[in-house]
Amino acid sequence: MSETVFTRQPHLSPMSDQQRVEILQDPGFGNVFTDHMVSIDWTWDEDGGAWHDARVEPYGPLSLDPSAAVLHYGQEIFEGLKAYRHEDGSVWTFRPEANAARLNRSARRLALPELPEELFLGSLRAQLEADRAWVPTGPGQSLYLRPFMFASEAFLGVRPARQVRYMVIASPAGNYFGGELKPVTIWVSRDFARAGKGGTGAAKTGGNYAASLLPQLQAAAKGADQVVFLDQYHDDAIEELGGMNVFFVHADGRLVTPALTGTILEGVTRSSILQLGRDMGLTVEERRVTLAEWAEGVRSGEITEVFACGTAAVVTPIGRLLDGDDVIESAGGTDVTLKIRAELEGIQTGRVEDRHGWLHRLV
């Protein structure tokens, strides 16, 4: 596929340099968006359909017909990755090919058209060429990129949409949980499941996250930062948090994470940590981990560290686990957790050698 040319419509009233500098001092997460966005349309035809009208345009509200299929049937997927400014001023992202592949796995599950990898990478590059000045330089900061795809066809029949839009928006990001890195508290959801066998758990689609919001409210009411979901059909095996994967560090040098069973999202950060664990000489295991094993392992000292990971939060230590009235205190250690976090962030920001060819230059 030849490289797609993106037409560009500059923003007539972009954020001033002073306003942008003030925002980048403390951007938070997902609160402010850059001046531009990328859009590409797809239309079905007798040959199967084609992507067309790739463009960069001013960030702003969308115009959708009230009968747009996404509003009624939830035919929508998204991705999340970050752009990092290196010391020489260049801007790089981390393993975007993995995000492109996952986007297409999600597209297949939601009956949406696949987006060629070259077009996915080109959309990220087009976004950064327009909004390069928005990439922050502070410690732990980045420009969060949100590619997404949705059914835009105005039609209420229950079938895959024949008109689809793919977009990219961007938002400067600081620490996901805010402020200084500290262990988070997790609430065990006993009443709800994030996904079920044969469902959309392995796809990155909005409905999975919508299903996590009510239990997340329950967690917040108990003073917890996040919720963890269980597989009640396999002895309460750990699945994942509302938006992150989970890892367990064992005293004997094992790094364990729940196996991908079709109901757990295959995180790009997760797979990267598995490789970094091997690089560090840890024995890596992907298998079922039950809630009882978590609790007993922490109490006995067999599990020395527990942490969560994801694109937004990177690597975050887990402190307390709340299961109803039962409180499991922190495993205590953070040595491996912080070492993995430092290694991962070091590669992403160019301070540590990229031994696996994970970095991709955007501008």
Legend entry - Neighbours by Cβ (under 8 Å, 6+ apart or cross-chain): first from the range 217-232, closer than 7 Å to Trp187 by Cβ and free of Cβ contacts under 8 Å to residues at least 60 places away in the same chain; second among the small types (Gly, Ala, Ser) and in a helix (DSSP H, G or I): Val227/Ser212; Val227/Ala219
Inset, instruction - Answer yes or no as to whether Arg190 is among the basic types (Lys, Arg), crowded, with 17+ Cβ neighbours inside 10 Å and farther than 30 Å from Asp335 by Cα. - result: no
Inset, instruction - Report yes if Glu22 is without any contact (Cβ under 8 Å) to a residue 12 or more places away in the chain, over 30 Å from Ser272 (Cβ atoms), open to solvent by 80 Å² or more (accessible area, probe 1.4 Å) and assigned to a loop (DSSP other than H, G, I, E, B), otherwise no. - result: no
Inset, instruction - Please verify whether the range 355-363 includes one or more residues that are under 14 Å from Leu276 (Cβ atoms), among the hydrophobic types (A, V, I, L, M, F, W, C) and in a loop (DSSP other than H, G, I, E, B). - result: yes
Legend entry - Contacts under 8 angstrom Cβ, first residue in the range 60-72 being under 13 Å from Phe150 (Cα atoms) and free of Cβ contacts under 8 Å to residues at least 12 places away in the same chain, partner open to solvent by less than 80 Å² (accessible area, probe 1.4 Å) and not hydroxyl-bearing (Ser, Thr, Tyr), 6 or more apart: Leu71/Leu64
Inset, instruction - Consider only pairs whose beta carbons are under 7 Å apart and that are at least six residues apart or on different chains; among these, list those whose first residue lies in the range 92-104 and is assigned to a helix (DSSP H, G or I) and whose second residue is among the acidic types (Asp, Glu). - result: Glu97/Glu117; Asn99/Glu79; Ala100/Glu117; Arg102/Glu79; Arg102/Glu266; Leu103/Glu79; Asn104/Glu114
Legend entry - Scope the range 302-330; condition open to solvent by less than 30 Å² (accessible area, probe 1.4 Å) and of a type in the set (Gly, Ala, Ser); matching residues: Ala308, Gly310, Ala312, Ala313, Gly319
Inset, instruction - Looking only at the range 224-249, count how many residues are over 19 Å from Ala313 (Cα atoms) and open to solvent by 10 Å² or more (accessible area, probe 1.4 Å). - result: 7
Legend entry - Test: residue in the range 81-96 that is farther than 20 Å from Ile347 by Cα and either at pLDDT 95 or above or β-branched (Val, Ile, Thr) (or both): no
Inset, instruction - Kindly provide the set of residues from the range 25-46 that are assigned to a strand (DSSP E or B) and open to solvent by 50 Å² or more (accessible area, probe 1.4 Å), ordered by number. - result: Thr43
Inset, instruction - Can you run down the residue pairs with Cβ atoms below 6 Å, 6 or more apart or on separate chains, where the first is in the range 108-121 and assigned by the TED database to the domain that holds Pro96 and the partner is hydrophobic (A, V, I, L, M, F, W, C) and open to solvent by 50 Å² or more (accessible area, probe 1.4 Å)? - result: Pro116/Met1; Glu118/Met1
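Does Gly357 count as open to solvent by 40 Å² or more (accessible area, probe 1.4 Å), modelled with pLDDT of 95 or more and either within 22 Å of the chain's Cα centre (by Cα) or β-branched (Val, Ile, Thr) (or both)?
Yes.
Inspect the range 110-121 for any residue being closer than 22 Å to Val21 by Cβ and either assigned to a loop (DSSP other than H, G, I, E, B) or aromatic (Phe, Trp, Tyr) (or both) and give the result as yes or no.
No.
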Legend entry - Residues being within 13 Å of Gly206 (Cβ to Cβ) and in a loop (DSSP other than H, G, I, E, B) - total across the range 47-85: 4
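The values are calculated or read from the model by the stated rules, or taken from the named source; none is laboratory data. Remember, it's a predicted structure, so these values are computed and weren't measured experimentally. As a convention, Cβ positions derive from the backbone with ideal geometry for all residues, glycine included, and neighbour counts pool all protein chains shown. Quick note on the areas: whole protein, heavy atoms, side chains included, nothing else; ligands and nucleic acids left out. Shrake-Rupley method; radii C 1.70, N 1.55, O 1.52, S 1.80 Å.
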